[in-house]
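Below you'll find the structure, written out as C-alpha cells, and then a few comments.
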Amino acid sequence: MKRWARWFPAALALLLLVLSVYPLWATGYGVRVMLQLFMWIALAQSWNLISGLTGYVSFGHVAFFGMGAYTTAILVVKGVAWPLAAVAGGVMAVVLAFVIGWPCLRLKGPYFAIAMLGLNEVLRVMASYFEGLTGGGLGLSLPTLDASVRIYYAMGLVALAVTAATYVIVTSRFGLRLMTIREDEVAAEAMGIDTFRYKIYAFLLSAAAPGIVGGLAARDMGYIEPISVFPLVTTITMIVMVLFGGKGTIWGPVLGAVILFTFQELVWANFPHAHQILLGGIIVAVVLVMPRGILGVLQQRYNLPRTV
Amino acid sequence: MTPHITPVMLGQVIVSGLLAGALYAMVALGLGLIFGVMRVLNVAHGPLLMLGAYITYFLFITVGLNPYLSLLVSMPIVFVIGVALQHFLVRRVVDAPELSSLLLTFGISIALVNVAQLAFTSDLRSVEFITGAFLVGPFAFSKARVIACLFAAAITALAFLFLQKTRLGKAIRAVSQSREVAQVCGIDVHRIHMLAFGMASALAAAGGSLMTVMIAIQPEMGAVYTFKSFLVIVLGGAGNYPGALLGGLLLGLVEQLASLFLTTQVNEAVAYVLLVLVLLLRPTGLLGGRST
C-alpha cells in the first residue's frame, strides 16, 4: 500500500508529460484518436459526477454534449474564436441543466431519469425545427480550420480538469454529502443536508464538461447535424464506461473509458448493432454481477483507499 | 402560419386526441402496474411494445393473420417474455437502490432494440389492412384509430376488472399497497411480481399490435412510449391506477391540440414541456397519488 502510494503520483506525472509532448511526433491520425479518448474520459467522468456520486441516473447526458456542440457551431459561424465558443457551449449546457434540474431534482424516484431520457429527443427535434438558427436537418458547416493539435490540448485539459475536480469532490465534505444522498437520501436530510441544493450543484458541474467537449468535438468534426450530436449511443457508452470502470470512484471512469474506447476502436466499430447489444449486455451483467465495477472489485480485494 | 381554425377542426382534433389517449392509457397502465407493485420503472416498456408490433407485422405478412386477431398471439408471447425478464433479471434488483433497476432495464432496452435492428433491419414497415375513414357529419375519423381505441378501451376495462374482482388481482393490489403485509397474509410475492410484469408487458404488446395498423413501425419506435407512458402516470399520480386513464386521455388531447395550433413536428416537445410543468406545479399528479 505505501509503496503504491509513492509510485502512483510519479507514474501519473510521467504519463502526463508523455501525453503533453505526444503531438510533436504523432501522426495526424494518432492525435485524433487520443483526442477522442480524452473526450470519452471527460464525458464518463461527468456522468460519474451526477450518477456515480448521487445515484441519480442521467439517461440523457448527451443532451449537454449536443447543446455545447450547437452553441459553439453557431458562434463560430458568426465569427467567434472557437476556444471562447466552446466555453460558451459549456455555459449553455449548465444553463440547460439548471432548467431541467430545478423541477426534476426536487423529487425523489425516477422522475429525473425519465426527464433526462426525453430531453435528448426533444433537443434533437428542436434542433431540426429552428432551421434559421441551426440549419435544421441540413446541419451546420463550420469554416475549415486545421486545429487538431490545439483541440487535442483543449480536450486533454478538460479531461484532466474533470478528473481533478472529481478528486477534490470525492475527498471533500461536498463529496461525502453527495454520497450520503446516494446511500440514503432520507437519512441525509435528517442529518441536515440540503439534498436538493447539493444534487443541483452536482448536476450543474456534470453538465459543464460535456458542453465544452461537445463544442470542441463540433470544431473538430467541422460539420454537425441533429443526429450526429444527439446520438443515444453516446449516453449508453458513457454509462457503460463508468459502470465497467467503477461508479463513484475517481479513476474508475478513466479506466473504463480507456478499456472500452480501445476495444471500440479495434473491434466493435465494424459491427454497430452487435456492438450495442453487447453494451446493453454489459450494463445488465455489471449491474447484476459486479455492481462496483473493476475498480470497486480491486479496492475490495487489495484494500485500496476509497480515494482511488 | 396558423390557418383559420373552425369549430369543426377543433371538434375533430378533440376526438382524435381522445382516440389516441385511450391507447396511451392502456400502455401506461402497464408501466404504472410494474411501478406500483415493485417500485421499479421499466425503461424497457417501450421496446416490449415494439416487439408486439413486430409480431403482428410478421403474422400479417407471412400467414395473413388479421392484425386484431394477432393480439391473441402477441399478448401471450410478450407476457411470457415479461415473466422471464422478471424471473431471471429484474427480480434481483427489486430491493436494490433504484439506480440498479433503472440501469438494468435500460440495458435490457438497448439489447432488445438492437436485436430487433439486427433481425428486422431499421426499415420502416407498415401493414395496409384498414385504410380510409368513418364519415360522421362534418367529421372524418381514421378507421384504424377508431378500432384501435375500441380495442384499447376493452382491454383496459378487462385489466381493471381483473385487478378489482379476481383473487389474483386483489393480491396484486395488496402487494402494491404493502409488500410485507401481503407476504404475511400468505401471498407469494415473487409470483405476483412475475404476474404483474407479464401483464404489463402484454399491455405494452397490445399497444404495439394496434399501432401496427395505424403507423409505420421500426425498432426504435419504443423509447418514446416509455417516456409518454411515464408522463401519463405522472399526470394521473404515481400508483393511482384510474389516474392513468385520465392522464392518457389528457396527453392525447394536449398533443392533438398542439399539432393544431403549432405543428406536428413539436409533438414530443409538447409532451416534454407538459412533464416539466406537472413536476413543477403538481408533482403528486392531477388526481393525487402515493408519494414516492
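The values are calculated or read from the model by the stated rules, or taken from the named source; none is laboratory data. What you see is a predicted model; the values in this text were computed from it and never measured. Every residue, glycine among them, receives a Cβ derived from its backbone with ideal geometry; neighbour counts consider all protein chains shown.
Would it be correct to say that B:G32 is more than 10 Å from chain A (Cβ to nearest Cβ), surrounded by fewer than 24 Cβ atoms within 10 Å (Cβ to Cβ) and either touching a residue at least 24 places away in the same chain (Cβ under 8 Å) or not polar (S, T, N, Q) (or both)?
no
Take the residues in segment A:85-110 that are outside any helix (DSSP H, G or I) and either among the hydrophobic types (A, V, I, L, M, F, W, C) or out of contact with any Pro (no Cβ under 9 Å at 6 or more places or on another chain) (or both); name whichever of them is modelled with the highest pLDDT.
A:L105
Quick one: would you say B:S100 is touching a Lys or Arg at 6+ places or on another chain (Cβ under 9 Å), of a type in the set (G, A, S) and within 14 Å of another protein chain (Cβ to nearest Cβ)?
Yes, satisfied.
Looking at B:V146, B:V115, B:V127, which one is assigned to a helix (DSSP H, G or I) and touching a strand residue (DSSP E or B) at 6+ places or on another chain (Cβ under 9 Å)?
Testing whether each residue is assigned to a helix (DSSP H, G or I) and touching a strand residue (DSSP E or B) at 6+ places or on another chain (Cβ under 9 Å) leaves just B:V146.
Within segment A:203-210, does at least one residue satisfy the condition of being in a helix (DSSP H, G or I), over 30 Å from A:G135 (Cβ atoms), at pLDDT below 95 and within 21 Å of the chain's Cα centre (by Cα)?
No: segment A:203-210 contains no residue that is in a helix (DSSP H, G or I), over 30 Å from A:G135 (Cβ atoms), at pLDDT below 95 and within 21 Å of the chain's Cα centre (by Cα).
Scan segment A:257-280 for residues that are small (G, A, S) and more than 14 Å from chain B (Cβ to nearest Cβ) and jot them down.
A:A257, A:A269
Does B:V78 count as in contact (Cβ under 8 Å) with a residue 40 or more places away in the chain and in a helix (DSSP H, G or I)?
Spelling it out, B:V78 is indeed in contact (Cβ under 8 Å) with a residue 40 or more places away in the chain and in a helix (DSSP H, G or I).
Quick one: in segment A:126-147, which of the residues that are touching a residue at least 40 places away in the same chain (Cβ under 8 Å) and buried (at least 17 other Cβ atoms within 10 Å of the Cβ) is nearest to the other protein chains (Cβ to nearest Cβ)?
A:S128
For segment B:130-185, give me the residue count where each residue is β-branched (V, I, T) and touching a Phe, Trp or Tyr at 6+ places or on another chain (Cβ under 8 Å).
The qualifying residues number 2.
Go through segment A:76-106 and report how many residues are within 14 Å of chain B (Cβ to nearest Cβ) and buried (at least 18 other Cβ atoms within 10 Å of the Cβ).
7
Here are the criteria: (1) within 14 Å of chain B (Cβ to nearest Cβ); (2) in contact with a Ser or Thr (Cβ under 6 Å, 6 or more places away or on another chain); (3) not hydroxyl-bearing (S, T, Y). Tell me which single one A:A209 does not satisfy.
The number of the failed condition is (1).
Conditions first: (1) surrounded by fewer than 23 Cβ atoms within 10 Å (Cβ to Cβ); (2) at pLDDT below 85; (3) more than 8 Å from chain A (Cβ to nearest Cβ). B:L257 passes all but one, so which condition is the exception?
With respect to (1) surrounded by fewer than 23 Cβ atoms within 10 Å (Cβ to Cβ); (2) at pLDDT below 85; (3) more than 8 Å from chain A (Cβ to nearest Cβ), B:L257 is out only on (2).
All but one of (1) at pLDDT 85 or above; (2) closer than 20 Å to A:L105 by Cα; (3) among the aliphatic types (A, V, I, L, M); (4) surrounded by fewer than 18 Cβ atoms within 10 Å (Cβ to Cβ) hold for B:L274, so report the exception by its number.
So the condition that B:L274 fails would be (4).
In this structure, is A:S58 more than 9 Å from chain B (Cβ to nearest Cβ) and not in a helix (DSSP H, G or I)?
Spelling it out, A:S58 is indeed more than 9 Å from chain B (Cβ to nearest Cβ) and not in a helix (DSSP H, G or I).
Out of everything in segment B:230-271 that is within 19 Å of A:L117 (Cβ to Cβ) and free of Cβ contacts under 8 Å to residues at least 12 places away in the same chain, what residue ends up being farthest from the chain's Cα centre (by Cα)?
B:V266
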